[in-house]
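Worksheet: the structure to be examined is printed underneath.
The values are calculated or read from the model by the stated rules, or taken from the named source; none is laboratory data. Treat the numbers as computed from the prediction; the structure is a model and nothing was measured. Reconstructed Cβ throughout: ideal geometry from the backbone, glycine too, with neighbour counts over all protein chains shown.
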Amino acid sequence: MTVAPRGAARGELLDAALRLLDDRPPSAISGREIAEEAGVNYGLVHYHFGSKNRLLDMAWRQHLDWLVDTEMEGGTRPVSVRATAEDRTLWAVAGHMALDPLEATGDGDRRRVLDAYRDLVDASDPDGDPVHHWTTIAALFALELGWPIFGPANVTTVGLSSADLPMARSRVEELVAALEGSVGLRSGEPNGGENGS
């Protein structure tokens, strides 16, 4: 095992934590495993973060910031359904954290993507029903968080084959498009695709 310089170790640990969170929930990940994945000494987990849970929480927050800043273009557009289908990590990390949450650390914002969606929907449909807005956002999250983790298993559980996965994903995309349309978002862009991008 090669040991990264102390300054680089923090970033290596955060990246390693995200790679592991892509595959499983935090309770199934040990601090030693994160250090091994990062190629650093286990003591650096505690030196930089204080605990494994703090490290995982920081990695998750970093992931949510990245999701808003890049995929949501600073919160000005919803996450592309196509991107979600093609990049499991987009929602898998958040899904694993939601299914097996860490104790709240009391600092920072754990809802950045949710709030970005709320602001986007409120701007796209300012006179709309707030209950409908929140219900739609919750349904979008359920579809987008659930597919990377449960989609393929659910498809085969109901008796379809793995060959049916593309068709099932297409149906999910149609549902997401219908939900987005109901609050003024269409084709992954606000205001019916009239944002000039």
*Those residues of region 51-61 which are in a helix (DSSP H, G or I) and out of contact with any helix residue (DSSP H, G or I) (no Cβ under 6 Å at 6 or more places or on another chain), in sequence order*: N53, R54, D57, M58, R61
*If you check V45 against the conditions, is it among the β-branched types (V, I, T), modelled with pLDDT of 95 or more and surrounded by 18 or more Cβ atoms within 10 Å (Cβ to Cβ)?*
yes
*Which residue pairs have Cβ atoms under 7 Å apart, sit 6 or more places apart or on different chains, and have a first residue in region 46-70 that is among the charged types (D, E, K, R) and a second that is assigned to a helix (DSSP H, G or I)?*
K52/G31; K52/I34; K52/V45; D65/R112
*asked:* What pairs come out if I take residues in region 28-42 that are under 21 Å from P101 (Cα atoms) and loosely packed, with under 14 Cβ neighbours inside 10 Å and pair them with residues that are among the β-branched types (V, I, T) and at pLDDT below 95 whose C-beta lies under 6 Å away, six or more apart or interchain?
replied: none
*Going by the structure shown, is V93 more than 14 Å from the chain's Cα centre (by Cα) and either surrounded by fewer than 15 Cβ atoms within 10 Å (Cβ to Cβ) or in a helix (DSSP H, G or I) (or both)?*
no
*Is one or more of the residues making up region 118-125 under 16 Å from L185 (Cα atoms), modelled with pLDDT of 80 or more, assigned to a helix (DSSP H, G or I) and among the basic types (K, R)?*
yes
*Mind checking whether some residue in region 82-104 is closer than 17 Å to F141 by Cα, modelled with pLDDT of 85 or more, in contact with a helix residue (DSSP H, G or I) (Cβ under 8 Å, 6 or more places away or on another chain) and aromatic (F, W, Y)?*
yes
